[in-house]
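Everything on this sheet refers to the single structure shown next.
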Amino acid sequence: MIVGYRSTIITLSHPKLGNGKTISSNAIFQRSCRVRCSHSTTSSMNGFEDARDRIRESFGKLELSPSSYDTAWVAMVPSRHSLNEPCFPQCLDWIIENQREDGSWGLNPTHPLLLKDSLSSTLACLLALTKWRVGDEQIKRGLGFIETYGWAVDNKDQISPLGFEVIFSSMIKSAEKLDLNLPLNLHLVNLVKCKRDSTIKRNVEYMGEGVGELCDWKEMIKLHQRQNGSLFDSPATTAAALIYHQHDQKCYQYLNSIFQQHKNWVPTMYPTKVHSLLCLVDTLQNLGVHRHFKSEIKKALDEIYRLWQQKNEQIFSNVTHCAMAFRLLRMSYYDVSSDELAEFVDEEHFFATNGKYKSHVEILELHKASQLAIDHEKDDILDKINNWTRAFMEQKLLNNGFIDRMSKKEVELALRKFYTTSHLAENRRYIKSYEENNFKILKAAYRSPNINNKDLLAFSIHDFELCQAQHREELQQLKRWFEDYRLDQLGLAERYIHASYLFGVTVIPEPELSDARLMYAKYVMLLTIVDDHFESFASKDECFNIIELVERWDDYASVGYKSEKVKVFFSVFYKSIEELATIAEIKQGRSVKNHLINLWLELMKLMLMERVEWCSGKTIPSIEEYLYVTSITFCAKLIPLSTQYFLGIKISKDLLESDEICGLWNCSGRVMRILNDLQDSKREQKEVSINLVTLLMKSMSEEEAIMKIKEILEMNRRELLKMVLVQKKGSQLPQLCKDIFWRTSKWAHFTYSQTDGYRIAEEMKNHIDEVFYKPLNH
């Protein structure tokens, strides 16, 4: 039975779906658009389109917000001609002009948890102003801010910029040298200095400005200077090299290059193109609106892939960029090798690598990338990364107070395997947690205006609501079909409408594919009825009767019915398949009815064989035979193959019978079957039913059997992902056709990620509420 429907039966109390005449399902999307437009003002729809245009334009505006902290460090660089004059006086002007009302500097607008960032940025600005003897009034107000909020220096609830203990303590010493009297509690100052002394023993190259004169800047430049002249793409660290080392032409050229783009300020990271492109694509996918920007995303990923192939340092000198690029490119069907992540396989080596590790974000991104193993042997690199990053996040990031509360939430989400989550629910959660004033943090907090803005937020909310409206209308269409065909008289409860449609919308979320989505949901309900009959509702003779009726489809009247039960069942089944075959014929331009019928016939015969031969104990199948047969009876072949005819893509019968398609349904079927068997093994052992666990237990212990099954599961999951993501030479199968198999198996993973039937039921009920009914109320 498909994806554990018996374990996902749910009782829902939603507003009753309306009755009415059945309309053609291929008109739903167009009608839905008209209905939604009538519910929205013309101005709001125009605003939706305008927002989409502005988001498209943002792909060409890749920049970060100003960094007061980095700008202050650049402002402290002396002129090459005189140590008593600033090299970049325009930065001093910016500092004077951009002090906040409370006397501080930092991210604008700020955030209640960014007091440490504000203290760090403010102190850096005060050092710059004091060094060049300007801005007396600004200095006075800045000292007032430090006096008021100095308590936050050691507050564990506040988010710390990277290297805060090292850098802030170093800046305190610099203030003492400049006779800048800081109104800080002496105990706090000593505490920060102690933390600095313990931290400075570790890898601190990226925060070199916090080491100051103690740093061997000549060696630092020799080891870590990039082709663009920077140290770690950090304006602050590069500026510090010029302050303490004084002479390096490439460092000067790098800082000057920033001012070609920004008049009098610098970001906390430069260049920003790769970072911004990766984050923008990732954000659009997380919000679930990426389908609106296909050409822009393809262009962006093509550029990232070009840089990947060139081994460009903007990607490979940054752990986060490297891991994100690998993940986004692989999941977008680009050919990228995990060999490029080989230097991160060992935890000890990773943290010892000079200048590589900056923050927990890198661990998160490495872990996400490590889940994309597609070859059981060759992707040993990803397995090793997965092992140590998971352990590091569980043992250190979550349990030892290493990170703040906001970051802990990110870690908890990252620890969930991506193939066990539902993208619809994740999109909703991401939208609800998305803030136009959201921020990220390195040595200073920053925002990406093209990623965090009101246009993207409003657009995502509106798009989600449009999809919800379409889903509700399609549910009404499905309910009319359910009532017209009187499926309740076959024992199918009305609650299956929601559960079946949820399955369909998860596998086929594209709004324009309404026919395919509704067909998928109808097939799921029909399959549930067929499974019930062949499992227990019908006698063996009645099952044989049903099979003969299907075999003689066009002449079924000559077969006759063994019972009224068979007559009612076949009447509904016949009308349903004829209806769907007609729609498929229109879409394909040829009759595909015989293929659809033959797929059902194969399924029914194997279901009957399971009942007559296996369950009775007459025959004990081999492992391979069991997996092959149960993959088909689990509907891994019937529904995905039938769905292909409804995707708006002309597809031949030969292609649907090709080795490639066979491999896809076989792998996805094994994944779904094994997931079901692992969860139901205890119950089925008590019922003396055959499943993979009981078969293997004939030659090994239960513990060994379960371990073996999990290995088979993982091998097939990776093989399936490989067949979907890696472009096979000579393949004629469209990408969407392949994706259906992965999405189907992903839904199975999501369903069985819960540990018991009650939790599954509750999760599904919540899922249906969130996806179809609950407003965002953002």
- Task: List every residue pair whose Cβ atoms sit under 6 Å apart, with the two residues 6 or more apart in sequence or on different chains, where the first one lies in region 509-531 and is in a loop (DSSP other than H, G, I, E, B) and the second, anywhere, is at pLDDT below 95 and open to solvent by 10 Å² or more (accessible area, probe 1.4 Å).
- Result: P511/F29; E512/F29
- Item | Residue that is at pLDDT below 95, out of contact with any Gly (no Cβ under 8 Å at 6 or more places or on another chain) and either surrounded by 18 or more Cβ atoms within 10 Å (Cβ to Cβ) or assigned by the TED database to the domain that holds L341 (or both), where the choices are S230, S317, S234, S295 | S317
- Would you confirm whether any residue within region 597-619 is without any contact (Cβ under 8 Å) to a residue 40 or more places away in the chain and at positive phi? yes
- Item | Residue list for region 427-455, restricted to those being under 19 Å from K273 (Cα atoms) and not in a loop (DSSP other than H, G, I, E, B) | K440, I441, A445, Y446
- Item | Yes/no for R683 being among the basic types (K, R), in the same structural domain as E610 (by the TED database) and either open to solvent by less than 30 Å² (accessible area, probe 1.4 Å) or modelled with pLDDT of 90 or more (or both) | no
- Note on the structure: Selection from region 557-592 of residues more than 20 Å from L487 (Cβ to Cβ) and either open to solvent by 50 Å² or more (accessible area, probe 1.4 Å) or free of Cβ contacts under 8 Å to residues at least 40 places away in the same chain (or both) yields A557, S558, V559, G560, K562, E585, I586, K587, G589, R590, S591
- Message: I'd like to know if region 696-710 contains one or more residues that are free of Cβ contacts under 8 Å to residues at least 24 places away in the same chain and among the polar types (S, T, N, Q).
- Response: yes
- Task: Please specify each residue of region 628-648 satisfying the condition of being touching an Asp or Glu at 6+ places or on another chain (Cβ under 8 Å), open to solvent by less than 10 Å² (accessible area, probe 1.4 Å) and on the phi > 0 side of the Ramachandran plot.
- Result: none
- Query: Only one of V507, V524 is over 30 Å from S563 (Cβ atoms) and open to solvent by less than 30 Å² (accessible area, probe 1.4 Å); which?
  - Reply: V507
- Every residue from region 720-730 that is surrounded by 15 or more Cβ atoms within 10 Å (Cβ to Cβ) and either within 18 Å of D654 (Cβ to Cβ) or touching a helix residue (DSSP H, G or I) at 6+ places or on another chain (Cβ under 8 Å) (or both): L720, L721, M723, V724, L725
- Qualifying residue in region 237-250 (condition: over 22 Å from the mean Cα position of the chain (by Cα), polar (S, T, N, Q) and open to solvent by 60 Å² or more (accessible area, probe 1.4 Å)): yes
- Unmet criterion (only one of (1) open to solvent by 10 Å² or more (accessible area, probe 1.4 Å); (2) in contact (Cβ under 8 Å) with a residue 40 or more places away in the chain) for E303: (2)
- Query: Of the residues that make up region 79-93, is at least one part of a strand (DSSP E or B), modelled with pLDDT of 95 or more and either in contact with a helix residue (DSSP H, G or I) (Cβ under 7 Å, 6 or more places away or on another chain) or under 13 Å from F259 (Cβ atoms) (or both)?
  - Reply: yes
- Can you work out which of the residues in region 50-101 that are farther than 30 Å from L284 by Cα and among the charged types (D, E, K, R) is surrounded by the most Cβ atoms within 10 Å (Cβ to Cβ)? R100
- Check region 629-645 and report whether any residue there is touching a Cys at 6+ places or on another chain (Cβ under 8 Å) and modelled with pLDDT of 95 or more. yes
- Message: Exactly one of these conditions fails for I200: (1) at pLDDT below 90; (2) aliphatic (A, V, I, L, M); (3) under 21 Å from V77 (Cα atoms). Give me its number.
- Response: (3)
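The values are calculated or read from the model by the stated rules, or taken from the named source; none is laboratory data. Please read these numbers as outputs of a predicted model, since none were measured by experiment. No Cβ is skipped: glycine too gets one built from the backbone with ideal geometry, and neighbour counts run over all protein chains shown. Ligands, DNA and RNA are stripped out before the accessible areas are found, and what is left, the full protein with its side chains, is counted by its heavy atoms. Shrake-Rupley method; radii C 1.70, N 1.55, O 1.52, S 1.80 Å.
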